[in-house]
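*Asks:* Just passing along the structure, written as structure tokens.
The values are calculated or read from the model by the stated rules, or taken from the named source; none is laboratory data. Since we're looking at a predicted model, the values are computed, not measured. Quick reminder, even Gly has a Cβ in these numbers, built from the backbone with ideal geometry, and neighbours come from all protein chains shown. These area figures cover heavy atoms from the full protein model, side chains too; ligands, DNA and RNA do not enter into them. Shrake-Rupley method; radii C 1.70, N 1.55, O 1.52, S 1.80 Å.
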Amino acid sequence: MKSHNTSSLIKPESEKTIQFKIASINLFNYLSPPNAYYDFENIYSQEQWQKKQLWFSELLNEQQPDIVGFQEVFSTNELKTLCDNLGYKYFAVIDEPNIENDFIYSSPVVAIASKFPIVDIQAVTASSELAVIMGLQDFNFSRKVLRATIELPTIGLCDCYVVHLKSKRADLPCEQGNLEGLSTSASLLAKQALGRWQSDMQRGSEVALLFHAMLQRRENTNNAMMLMGDFNDTLDSAILNVFNVQRSDIHNADIKMTDLSRLPDYAIDKSFSYYQLCDAYSLYIKSQNEAASSQARPASHYFGTKGSVLDYILLSNEFNTDNSASLAEVSAYMTYDRHLINPEYDIDSHSTDHAPVIASIKIR
């Protein structure tokens, strides 16, 4: 019989029904040797791979999240084994990376592990009809979006989405050399501008079409929702703000043309709130004192010395205490960043370039 770490597997039943944790973790090129990520030179030694495995094992043992969304997964079998040994009975993945020359991997995938039952697993598909209306032909997510339906204590079925949205990296597909009519410097600037805009358009389309698919699923099932992952942008950007559409963003004339016009304002607001997503960090801070609310939000990723929040957990109104019918609240939130702020080479050298984010959920 396979042994498990009983400290992570066994919890009193009363505790299970009171609180649980959700985490989103970018594993940063999680690929076992002798395989290579992106280039034939990028191969971990056995010592480096064991150090990487140990870092994530200790993180999960220390923080004890009950549901974990992973990004940048190449070695899905190895991740499943790691999670299984830590007491995660349920594990799911809906895609596989691209492999060239039998050992060079690209296009990592997302995965999810859970201590609660996963009753359904699907890849999210975008509406082809809406994509065409938006001017997009043959649209695909840059990385497949995973939807796992999980049976949560008290809350019941919850659709948990794991994403790794298109990065801001300029990936303009054009031949080497200067763009027509431009010097080298001008050409590089133009390529950067064009490539960044192309990436933004892809990421923006992913956000809009994913949000539509989530609303459609919510309409059909009434399941609670969680969306977690590496968004590769800040939540207050124009692109990601799609996840946080408010009534104030909708023209009154558009509301008056619908059956909502017969409702009082509070009922209209309530009808919208049922479909909206809330940032778990903001839900936690809102419940804290002024001192906590005034603190700067920790970055989850650094480019040079500039920090940004790219990793998020978004929740439906079942977790929002502003909703009188809410079932749970965000009781704690952590950005696990000590390996970024004060790294120790012997421990952190092969960890991750992102800070995992962890939300504690308390049943009301």
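*Asks:* Looking at (1) open to solvent by less than 80 Å² (accessible area, probe 1.4 Å); (2) farther than 26 Å from Thr335 by Cα, which is the one condition that is false for Leu189?
*Replies:* If we test Leu189 against (1) open to solvent by less than 80 Å² (accessible area, probe 1.4 Å); (2) farther than 26 Å from Thr335 by Cα, just (1) comes out false.
*Asks:* Taking strands (runs of 3 or more DSSP E) that do not extend beyond the stretch 113-215, which have at least 3 residues that are more than 25 Å from Asn320 (Cα to Cα), free of Cβ contacts under 8 Å to residues at least 40 places away in the same chain and not aromatic (Phe, Trp, Tyr)?
*Replies:* Qualifying strands (runs of 3 or more DSSP E): 118-123.
*Asks:* Tell me which residues, restricted to the stretch 292-303, are of a type in the set (A, V, I, L, M) and either at pLDDT 95 or above or open to solvent by less than 60 Å² (accessible area, probe 1.4 Å) (or both).
*Replies:* The answer is Ala292, Ala299.
*Asks:* Return the residue satisfying two criteria in turn: it lies in the stretch 17-41 and is open to solvent by 70 Å² or more (accessible area, probe 1.4 Å) and outside any strand (DSSP E or B), and of such residues it is modelled with the lowest pLDDT.
*Replies:* The selected residue is Ile18.
*Asks:* A further question on this structure: So, in the stretch 68-91, of the ones that are in contact (Cβ under 8 Å) with a residue 60 or more places away in the chain and under 17 Å from the mean Cα position of the chain (by Cα), which residue ends up surrounded by the fewest Cβ atoms within 10 Å (Cβ to Cβ)?
*Replies:* Result: Glu72.
*Asks:* Could you pull out every one of the strands (runs of 3 or more DSSP E) wholly within the stretch 304-345 that has 1 or more residues that are open to solvent by 60 Å² or more (accessible area, probe 1.4 Å)?
*Replies:* Hits in the stretch 304-345: 306-308, 328-335.
*Asks:* Scan the stretch 151-179 residue by residue and report those that are touching a Pro at 6+ places or on another chain (Cβ under 7 Å) and buried (at least 17 other Cβ atoms within 10 Å of the Cβ).
*Replies:* Answer for the stretch 151-179, where residues must be touching a Pro at 6+ places or on another chain (Cβ under 7 Å) and buried (at least 17 other Cβ atoms within 10 Å of the Cβ): there is none.
*Asks:* Among the listed residues Asn252, Asn220, identify the single one that is modelled with pLDDT of 95 or more, more than 30 Å from Asp353 (Cβ to Cβ) and either over 18 Å from the mean Cα position of the chain (by Cα) or open to solvent by less than 70 Å² (accessible area, probe 1.4 Å) (or both).
*Replies:* The conditions single out Asn220.
*Asks:* Can I ask one more? What are the residue pairs meeting all of these: first residue in the stretch 92-110, first residue farther than 21 Å from Val68 by Cβ, second residue among the hydrophobic types (A, V, I, L, M, F, W, C), Cβ atoms under 7 Å, and 6 or more apart or on different chains?
*Replies:* Going by the 7 Å Cβ cut-off, the qualifying pairs are Phe103/Ala36; Ile104/Ala36; Ile104/Phe40; Tyr105/Leu31; Tyr105/Ala36; Tyr105/Phe74; Tyr105/Ile99.
*Asks:* Can you tell me which condition Asp269 does not meet? The list is (1) open to solvent by 20 Å² or more (accessible area, probe 1.4 Å); (2) part of a loop (DSSP other than H, G, I, E, B), and all the others hold.
*Replies:* Going through (1) open to solvent by 20 Å² or more (accessible area, probe 1.4 Å); (2) part of a loop (DSSP other than H, G, I, E, B) one by one, Asp269 breaks only (2).
*Asks:* What residue, of Ser114, Ser45, Ser106, is surrounded by fewer than 18 Cβ atoms within 10 Å (Cβ to Cβ), more than 20 Å from Asp348 (Cβ to Cβ) and at pLDDT 95 or above?
*Replies:* Ser106
*Asks:* Being farther than 29 Å from Arg147 by Cα and open to solvent by 90 Å² or more (accessible area, probe 1.4 Å), is that true of even one residue in the stretch 194-216?
*Replies:* Looking through the stretch 194-216, at least one residue is farther than 29 Å from Arg147 by Cα and open to solvent by 90 Å² or more (accessible area, probe 1.4 Å).
*Asks:* Right, next: Quick check on my filter: what residues within the stretch 346-364 are under 30 Å from Tyr266 (Cβ atoms) and in a strand (DSSP E or B)?
*Replies:* Residues of the stretch 346-364 that are under 30 Å from Tyr266 (Cβ atoms), as a first pass: 359, 361-364.
Scanning the stretch 346-364 gives Ala359, Ile361, Lys362, Ile363.
*Asks:* Identify, by number, the condition in (1) open to solvent by 30 Å² or more (accessible area, probe 1.4 Å); (2) modelled with pLDDT of 95 or more; (3) among the hydroxyl-bearing types (Ser, Thr, Tyr); (4) more than 25 Å from Leu314 (Cα to Cα) that Thr125 doesn't meet.
*Replies:* Tallying (1) open to solvent by 30 Å² or more (accessible area, probe 1.4 Å); (2) modelled with pLDDT of 95 or more; (3) among the hydroxyl-bearing types (Ser, Thr, Tyr); (4) more than 25 Å from Leu314 (Cα to Cα), Thr125 fails exactly one: (4).
*Asks:* Within the stretch 216-237, which residues are hydroxyl-bearing (Ser, Thr, Tyr) and in a helix (DSSP H, G or I)?
*Replies:* Residue satisfying the conditions is Thr221 alone.
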